[in-house]
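Here the structure comes first, spelled out in structure tokens, and everything after it is commentary.
The values are calculated or read from the model by the stated rules, or taken from the named source; none is laboratory data. Given the structure is predicted, the values throughout are model-derived calculations rather than measurements. Methodologically, a virtual Cβ is constructed for each residue, glycine included, from the backbone with ideal geometry; neighbour enumeration extends over all protein chains shown.
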Amino acid sequence: MSQTQASNEHKPLGTVHPTAPAAAGKTPPNKRVLAVVGLIALAAIGAGGRMWYRSHHFVDTENAYIAGHVHPISARIAGVVTRVLVEDNQRVKAGDVIAELDPADQQVRVEQIEAQIASAKQQVIQADAQVAQVRAQAEAAKAQVGQSQALALRARQDAERFGQLYTKQMKAVSKAEVDAANAARTAAAADVNARRDNAVAAEAQIAAASGARDVAKAQIRVLQAQLKDAKQQVGYSRILAPVDGRIGRRSVEVGARVQPGQQLVAVVEDKVWVSANFKETQLAGLKAGQAVTLEIDALPGEHLVGRVHSFSPASGNQFALLPADNATGNFTKIVQRVPVKITLAPADVQRLAGRLVPGMSVEAEVDMRQEVGPPARTAAALQSAQ
């Protein structure tokens, strides 16, 4: 007995008796593991069903940004900045003065042109006097022509009478008197021609003087146009805001010399919209007027609703600086994206004025099951949303 007990005490604890019931089959699975596996399966089925459901009834994109009108303000003339009246992020209205340039150079040009106009007007006065003078000379020349014609007529008549008195049958006058009468007739005819030439020359002088006067008047009109432009250049020394908005990207300081076309500031309007770049495979069900759910990264608590306004006339690749050339042989098909303009409700734009700025990231989602109203009603709604 003692030996049997000792042998039983020395047996290992993990030894299974050959006659134990567990030796006949495997260990049953743990219920907790089964529950975890079931939950994972249900979650996978739910996630897959949700993905299927959303892929068939919704289209969305993260490639969307807030867009707006950004107006670059530049100088129209060269000059030195004397005053800057705005600061970064300051709100301005259309017509407000942004900066002023020194107008001294433009004012000097205005004075020079005014002096040239005064000189041209004096030339016109002189030309008028010259025209009057040559007209008087022309009238005198015409009178002399009439006088010479009368003398020529008398000389011709005298020559004819002397010719009749000196014939073969009758020699009532001498040969010398006949020759003198003929010579006087010839001289009178030549004098008439000379007087006529003088009258024609006087008429030409009238035309020349009138032409000079017309040239001076035309020069006055040219100078007046230049004066108007010079005065506009003086006005350009005041740089004005073209629209209502806020100042951004200010790069002008007092004392700087600016050149025409140099950008000084930018004015950003409060009117904004969303530009969403949808894949071309998502455009089949998109229509103008559909509601779009928008989530803005900078405003996580705001859920805005916009409207599809219009579609870009070309994909983004066509407007790229270096569009891809697909005719090279090694072609790889890439899904293109088309910009879609989405307008926001005016109330939301006004409520979030200053917080919705161009460049912010947006997530856009469209429910494809929604119905779009009649075209006329939709167009009116889109017009009011603008």
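Suppose the filter is exposed (fewer than 12 other Cβ atoms within 10 Å of the Cβ) and either over 30 Å from Asp88 (Cα atoms) or touching a residue at least 60 places away in the same chain (Cβ under 8 Å) (or both); does Glu371 pass it?
Numbers: exposed (fewer than 12 other Cβ atoms within 10 Å of the Cβ): yes; either over 30 Å from Asp88 (Cα atoms) or touching a residue at least 60 places away in the same chain (Cβ under 8 Å) (or both): yes.
It is true that Glu371 is exposed (fewer than 12 other Cβ atoms within 10 Å of the Cβ) and either over 30 Å from Asp88 (Cα atoms) or touching a residue at least 60 places away in the same chain (Cβ under 8 Å) (or both).
Does Val254 satisfy the condition of being β-branched (Val, Ile, Thr), out of contact with any helix residue (DSSP H, G or I) (no Cβ under 6 Å at 6 or more places or on another chain) and buried (at least 17 other Cβ atoms within 10 Å of the Cβ)? Please lay out each step first, then the result.
Numbers: β-branched (Val, Ile, Thr): yes; out of contact with any helix residue (DSSP H, G or I) (no Cβ under 6 Å at 6 or more places or on another chain): yes; buried (at least 17 other Cβ atoms within 10 Å of the Cβ): no.
No; evaluated as a whole, the condition is false for this residue.
Restricting to the stretch 338-368, name every residue that is modelled with pLDDT under 90 and on the phi > 0 side of the Ramachandran plot.
The one that is modelled with pLDDT under 90 and on the phi > 0 side of the Ramachandran plot: Gly354.
Is it the case that some residue within the stretch 313-331 is part of a loop (DSSP other than H, G, I, E, B), at pLDDT below 95, touching a strand residue (DSSP E or B) at 6+ places or on another chain (Cβ under 9 Å) and outside the structural domain of Ala345 (by TED's automatic domain parsing)?
Looking through the stretch 313-331, none of the residues is part of a loop (DSSP other than H, G, I, E, B), at pLDDT below 95, touching a strand residue (DSSP E or B) at 6+ places or on another chain (Cβ under 9 Å) and outside the structural domain of Ala345 (by TED's automatic domain parsing).
Looking at (1) outside the structural domain of Ile117 (by TED's automatic domain parsing); (2) within 30 Å of Arg76 (Cα to Cα), find the lone condition where Leu227 falls short.
Unmet for Leu227, out of (1) outside the structural domain of Ile117 (by TED's automatic domain parsing); (2) within 30 Å of Arg76 (Cα to Cα): (1).
Assuming Gly68 fulfils every condition listed in (1) under 30 Å from Ala202 (Cα atoms); (2) touching a strand residue (DSSP E or B) at 6+ places or on another chain (Cβ under 9 Å) apart from one, which condition is it?
Gly68 satisfies all of (1) under 30 Å from Ala202 (Cα atoms); (2) touching a strand residue (DSSP E or B) at 6+ places or on another chain (Cβ under 9 Å) except (1).
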